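Student: The structure follows.
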Amino acid sequence: MTRRRSSAPGRVRPDRRRSLPLLWALVAVLASACGPTATTSPATNPSVAAVSPPASSPAGSASDEPSLPPSDEPSSPAPTESPSLEPPPSGGAAALADCTGNSENRDFYAGVASAVDWPVYCAALPGGWFVDNGRYRLARGGWMEMFYKGPSGARLELHEGSFCQDLSGCVPAGTDAGTAAFGDRDGSLVALNDGRFSVVVDRGSSPSWLAIVGGLDRDTAVRIVGRLVRLD
């Protein structure tokens, strides 16, 4: 007897064939989802880029002009008498000893005087005065500047050598007030518009000499400049 074949498997096979593409598509999707993840480096933020900051610059540009630190402010009270009218001796070690200031200030003066070919002058001031600062330069004929402080806001400036290339002599604006001594030299006295006084020698020349006194009356200013000490 011939056994009759069941028709059930024949009906299932076509369904399985139709489901295979869907199965493979699902496998592909799962494989792509479970595969390795690509990494991407984050873009650099320009605002936080690693750029080294420049080295901090000093507060002021370096100068090739040797400078002198201020001397200690005197603790003794200022005398009431006016400076003597008699000028101190000029030249040599004795003259250098009369320069107001400490040993470092006097060494400064001695060094400049030995290095330039024009006469250098220092101030011989009464008690209560001290050196504020000073500087010099040897190039182009050389020049020197020295600044002093005195009691009650008094000031003295010395400018010597080739410090000015102007025909005015770098004298502040003022009115000619006659003549006055600049140490052992004859100078021109100028009453400045701001109330100070100046004495200038060889104005507009190179070298020349200029003293400016502030905070003092005319007679006292003239006496102080007349007592400047020449260092040979």
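Student: Mind checking the full-extension length gain between L96 and D217? Use 0.36 nm per residue of separation minus the Cα-Cα distance, one decimal, nm.
Tutor: Details: separation 121, 0.36 × 121 = 43.56 nm, distance 2.71 nm.
Separation in residues times 0.36 nm, less the Cα-Cα distance, equals 40.8 nm.
Student: Would you mind computing, in nm to one decimal, how far apart the modelled labels at C170 and D184 are, each placed 7 Å from Cα along Cα→Cβ?
Tutor: Label-label distance for C170 and D184, simple model: 2.5 nm.
Student: Could you sort S198, S152 by their accessible area in this structure, using a 1.4 Å probe and putting the largest first?
Tutor: S152, S198
Student: Between A139 and A177, what is the label-to-label distance in nm when each label sits 7 Å out along the Cα-to-Cβ direction?
Tutor: 3.7
Student: A further question follows. Which whole-number percent of Cα pairs in the stretch 133-188 have a distance greater than 20 Å? Show your work: numbers first, answer last.
Tutor: On the way: 594 of 1540 pairs.
For the stretch 133-188, the share of Cα pairs beyond 20 Å comes to 39 percent.
Student: Considering the alpha-carbon set of the stretch 89-232 alone, what are its Rg and its Dmax in angstrom?
Tutor: Final numbers for Rg and Dmax: 13.9, 38 Å.
Student: Points 7 angstrom from Cα along the Cβ direction at E104 and S152: gap in nanometres?
Tutor: In this crude label model, E104 to S152 measures out at 3.0 nm.
Student: Carbon and sulfur atoms: what percent of the 1.4 Å accessible area of the stretch 116-232 do they account for?
Tutor: 44
Student: Provide the per residue accessible area, probe 1.4 Å, for the stretch 153-232, rounded to a whole number of square angstrom.
Tutor: Using a 1.4 Å probe on heavy atoms only, each residue of the stretch 153-232 averages 42 Å².
The values are calculated or read from the model by the stated rules, or taken from the named source; none is laboratory data. Everything numeric here is computed off the predicted structure, so don't read it as measured data. We place every Cβ from the backbone using ideal geometry, glycine too, and count neighbours over all the protein chains shown. Just the protein is used for accessible areas: all its heavy atoms, side chains included, with ligands, DNA and RNA removed. Shrake-Rupley method; radii C 1.70, N 1.55, O 1.52, S 1.80 Å.
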